[in-house]
């Protein structure tokens, strides 16, 4: 894996760190490939029970596409007539978002600074966002004559509603950490100096929790957003049956009766 993305697994927690602070963690090709591979590895590893998405430096979480590299790639496209540059959405961004949203485990994003364009989309692909009080968000796409990618046309309306999402997509602007919290983009707002410790605390608590139940909750919420109440009730019945048969459920019930803290196995 490239040095532009760091990957570590410890006690059931996979930490993915975007590591181009000098470029505000912008996505060049090398970084996109490494991020995709790390996200997929974390999602597929049964030993990983939670994922923490972080970024190096204090200026930016991720500002999206590396436009300096992008200019050169577009010029090469014009010469060759290939149009290959924009395949990055299919080859990189889509697999990253699918891995994070589809992971059968919770994903926590620690947003330390600017999250713009695809960087905003990656943050929204997480299940829980811990945000530094110095952070900011910007859709950015229309500002460079592009449409939405990185799943943001799906995730943002579901977080803040379609009307507000359309406003922010048509008229990109910087959203402060406080406004992000008020809109529901940030689940937890913390002082910048405490971001990493607070986000890791949240992620480690989830990593030691009932993983199968968390996976079912993710699936249930995603299903309910696009299905009828009757269909969602059927899905809840299916998922609850699976959760009720798990070892973690038996452990939790016994711990409750014994007035003890449960020690989950993750299955």
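Condition check: out of contact with any strand residue (DSSP E or B) (no Cβ under 9 Å at 6 or more places or on another chain), over 28 Å from residue 43 (Cα atoms), part of a helix (DSSP H, G or I) and in contact (Cβ under 8 Å) with a residue 12 or more places away in the chain. Does residue 242 satisfy that?
Taking the combined requirement at face value, the residue does not satisfy it.
When you check residue 156 against the structure, is it at pLDDT below 95 and not in a strand (DSSP E or B), yes or no?
The answer is no for residue 156.
Here are some conditions: (1) closer than 17 Å to residue 28 by Cα; (2) exposed (fewer than 15 other Cβ atoms within 10 Å of the Cβ). Residue 55 meets all but one. Which one does it not meet?
Failing condition for residue 55: (2).
Please verify whether residue 230 is at pLDDT 95 or above and under 17 Å from the mean Cα position of the chain (by Cα), treating the condition exactly as stated.
no
Restricting attention to segment 178-206, report how many residues are in contact with a helix residue (DSSP H, G or I) (Cβ under 6 Å, 6 or more places away or on another chain) and either in a helix (DSSP H, G or I) or modelled with pLDDT under 95 (or both).
Selection size over segment 178-206: 1.
Considering 38, 34, 47, which residue is within 30 Å of residue 210 (Cβ to Cβ), in a helix (DSSP H, G or I) and touching a residue at least 24 places away in the same chain (Cβ under 8 Å)?
From the options 38, 34, 47, the qualifying one is 38.
Which members of segment 62-96 meet the condition of being under 18 Å from the mean Cα position of the chain (by Cα) and outside any helix (DSSP H, G or I)?
Selection gives 62, 63, 64, 65.
Looking at segment 241-267, which of its residues are over 25 Å from the mean Cα position of the chain (by Cα) and surrounded by 14 or more Cβ atoms within 10 Å (Cβ to Cβ)?
242, 246, 248, 249, 251, 252, 255, 262
Based on this model, can you work out whether residue 217 counts as modelled with pLDDT of 95 or more, closer than 22 Å to residue 125 by Cβ and not in a strand (DSSP E or B)? Outline the logic, then answer.
On the way: modelled with pLDDT of 95 or more: yes; closer than 22 Å to residue 125 by Cβ: yes; not in a strand (DSSP E or B): yes.
In short, yes.
Which ones in segment 10-20 are more than 19 Å from residue 119 (Cβ to Cβ) and touching a helix residue (DSSP H, G or I) at 6+ places or on another chain (Cβ under 8 Å)?
Residues satisfying the conditions are 11, 12, 13, 14.
Do you know which residues across segment 126-147 are part of a loop (DSSP other than H, G, I, E, B) and free of Cβ contacts under 8 Å to residues at least 60 places away in the same chain?
133, 139, 145, 146, 147
For the subset of segment 130-146 comprising residues that are crowded, with 21+ Cβ neighbours inside 10 Å and either outside the structural domain of residue 24 (by TED's automatic domain parsing) or out of contact with any helix residue (DSSP H, G or I) (no Cβ under 6 Å at 6 or more places or on another chain) (or both), which member is nearest to residue 189 (Cα to Cα)?
The extreme case among them is 136.
Considering each of 104, 123 in turn, give the residue that is more than 13 Å from residue 202 (Cα to Cα), touching a residue at least 24 places away in the same chain (Cβ under 8 Å) and in a loop (DSSP other than H, G, I, E, B).
Numbers: 123 fails: in a loop (DSSP other than H, G, I, E, B).
Just one listed residue meets the conditions, 104.
The values are calculated or read from the model by the stated rules, or taken from the named source; none is laboratory data. What you see is a predicted model, and the numbers here were worked out from it, not measured in a lab. Because the Cβ atoms are built from the backbone with ideal geometry, glycine has one as well, and the counts that use them run over all protein chains shown.
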